[in-house]
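Everything on this sheet refers to the single structure shown next.
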Amino acid sequence: MIDRNDAFVAHLQDSFQARVKNQNFFTTVVFESAQQAALSWAISKADRRRLANELDSLNNRQALERVKIIMGAKRGRLR
């Protein structure tokens, strides 16, 4: 499923780049978790807590800063 999703995202990115002059129009940002957690429509409190704790990892803080930069460039400044 992850490989299929990656292929769909790559196809979408190629489609945008073929039609839009701004090569930065479409981009992705990856947030990762080193913890095991069930990702379904119903997530337990324990899994939510573990995932929330993972947001503070160095990789995820860097990903969030990238989102802020991207969104700030598109909308002015983020608070």
- Note on the structure: Net charge (Lys, Arg +1; Asp, Glu -1) of residues whose beta-carbon lies under 15 Å from that of Gln62, Gln62 excluded, is -1
- Note on the structure: The FRET efficiency for Ser15 and Trp41, from their Cβ-Cβ distance with R0 = 22 Å and rounded to 0.05, is 0.15
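All of the numbers you see were taken from the coordinates with simple rules; none came from a lab. Just so it is clear, the structure is predicted and the values come from calculations on it, not from any experiment. Cβ: placed from backbone, ideal geometry, glycine included. Neighbour counts: every protein chain shown.
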